[in-house]
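Below is one structure; the comments refer to it alone.
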Amino acid sequence: MLPGMTQHGGDLIADVLARHGATHLFTLCGGHISPILTGAQARGLRVIDVRDEVNAVFAADAVARMTGTIGVAAVTAGPGVTNTITAVKNAQMAQSPIIIFGGATATLLKGRGSLQDIDQLSIMKPITKWATTVKTVPSLVPTVERACQLAVEGVPGPIFIEVPVDLLYPEEIVRMWYAKEAGLGKGKGIGAKALELYIRGHLYRQFRAPAMPDVHLPTRLPHLRHEATGIDKAVEALKKAERPAIVVGSQTLVGVKDPGRLARALGMLGTPVFLAGTARGLLGRTHELQLRHNRGAALKEADVVIVCGFPFDFRLGYGRGIAKHATLIAANLSAHELKKNRRPDIAVEMHAGDFLVALADKISSAGDRWKPWLDSLREKEAARDADIAKKAQPKGELIDPLHFFLRMEEAMADDAVLVVDGGDFVATASYIVRPRAPLSWLDPGVFGTLGVGGGMALGAALVRPGKEVWLVWGDGSSAYTLAEFDSYVRHGVAPIAVIGNDASWAQIAREQVEILGTTLGCDLRRSDYHKVAEGYGGVGLVLTDPTRVDATLAEAKAIAKTGRPVCINVHIRKTDFRKGSMSM
């Protein structure tokens, strides 16, 4: 706050955010929102500006997922808000608790053709948990308080708060603006006096009115099953199981600040475990219960399947991927997701992480009874890993992606964070690279969004200072956010970006060529992406020689340790490893 300046609306917002544990505010500057930024900085939040508003929200999403607290972004009015739409929808589908502040024109000018003035609420309401506008300064604090609570209550999700510019700046400045624009005190006649009285009354209400935020909240539906009853039934079913399996999805980790508690619960239960989304890494790099391959076959064979925080969508064959004869148990915060596509035999509407802990409190490992089942699954797991390693071709022209990821898996630090953003190259990585620890894997989620990488890597690097952050990009997806290398340099973070460059939107091309006989729209160039990173102040490396894989990875790690972000442009050869990979 400048000397002599009174507290303003941005300070009031920042006070609430600080009380609720927010640590960072991501933004792209705009006159509509500047006081939010200065207020946040004055109260200890680190203000991080990016090169595209969408990446401010992706970064806030990463912070929310990795810390269990709210993520925060502030963007200017009009195009600043509309630029965030993809990231906001991605956060809604990923159930990430974030708050987006959108600037807006002055309250008296709404709907009159002011700069960047559009109906923002009609755009944001369908893709947020709550979207609202604030109309008076006294309503700012209760509105932001409610937003912080609502973002994490029940099924977490994004909140949008529209804040008109004249609620953010100090009262004396706003009064001066209105006086200048309306010519207060200078007009003559009844019309001029009436206008002056109206504006003065509006300003009084704006800064002095009682706090009455316009809060319209969704109705919370009753539980499908009583929690205690559902848990007891799940315990009985699991005790009778011969071939149990647990699937753990992203929602299980939402808001969790102690993931070790969940890992211990899974260890006590002793069942085979498949981890998905943000839950990847929950059991560390290697764990005797953790399986990474052949999930579909295992779920068809299992007699009891417990699905935690994971909807019955395309990833589980819309529920048909689980055998009909199996006892299906599901825990989810969302009543809608619990019954979508397939109704479980036992449905418990509660936090899936708490469900696992409660289950483990009532039942310990079945010991040797499940060992033959687990051994058979692990045998198939080892065979798949061996098959992948056998298919890797270290020698030849350019870089074999399988060989590259096998070497990257060995090169990554034990506490590394993985951010993945792409199609074919990233999906290949998912077969090989292993998340090292809980909350150390970030992907788009069920929305399948390309372009999350630049922002999510920024958020990850900020909340895990000093840790290796590996950003795995396809050459197509990298172009969405490669400019954020500028943000990495300016804010002193050093991710290691790896771009799989095969001059193609390969995931689409695989199916399109086979079905339609053309690469139309799928062809790219083997562009010098590393030089783009250099232009933004990073370090660029190019890898075309298979004998240089280990040396290049080691060089990138050494550079990142000095605090400079690195981009490795990996020229990969085309393979048929993932033939037939399109999801519907």
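The values are calculated or read from the model by the stated rules, or taken from the named source; none is laboratory data. Everything numeric in this text was worked out from a predicted model, so none of it was measured. In this analysis, Cβ positions are derived from the backbone assuming ideal geometry, glycine residues included, and neighbour counts consider all displayed protein chains.
Odds and ends about this structure:
- Helices (runs of 4 or more DSSP H) fully within the stretch 346-455 counting 3 or more residues that are farther than 30 Å from ALA241 by Cα: 371-391, 401-411, 424-430
- Qualifying residue in the stretch 476-495 (condition: part of a strand (DSSP E or B) and either out of contact with any helix residue (DSSP H, G or I) (no Cβ under 6 Å at 6 or more places or on another chain) or within 21 Å of GLY453 (Cβ to Cβ) (or both)): no
- Of all the listed residues (ASP550, ASP528, ASP576), the sole one being loosely packed, with under 15 Cβ neighbours inside 10 Å and outside the structural domain of TRP470 (by TED's automatic domain parsing) is ASP576.
- Filter result for the condition that a residue is modelled with pLDDT of 75 or more, surrounded by 12 or more Cβ atoms within 10 Å (Cβ to Cβ), out of contact with any Asp or Glu (no Cβ under 6 Å at 6 or more places or on another chain) and not hydroxyl-bearing (Ser, Thr, Tyr), over GLY230, GLY187: GLY230
- Those strands (runs of 3 or more DSSP E) of the stretch 263-344 in which at least 2 residues are within 30 Å of ASP414 (Cα to Cα), touching a Ser or Thr at 6+ places or on another chain (Cβ under 8 Å) and not charged (D, E, K, R), considering only elements entirely within it, cover 304-308.
- Failed item in (1) assigned to a helix (DSSP H, G or I); (2) small (Gly, Ala, Ser); (3) in contact (Cβ under 8 Å) with a residue 24 or more places away in the chain, with ALA179 passing the rest: (3)
- With a requirement of 1 or more residues that are polar (S, T, N, Q) and touching a residue at least 40 places away in the same chain (Cβ under 8 Å), the strands (runs of 3 or more DSSP E) lying completely within the stretch 84-172 that satisfy it span 130-133.
- For the stretch 274-326, a tally of residues being basic (Lys, Arg), within 20 Å of VAL417 (Cα to Cα) and over 21 Å from the mean Cα position of the chain (by Cα) returns 2.
- Among residues of the stretch 544-562 that are closer than 15 Å to ALA497 by Cα, those with a Cβ under 7 angstrom from a residue that is among the basic types (Lys, Arg) and part of a helix (DSSP H, G or I), sequence gap 6+ or separate chain, pair up as VAL549/ARG407; LEU553/ARG407.
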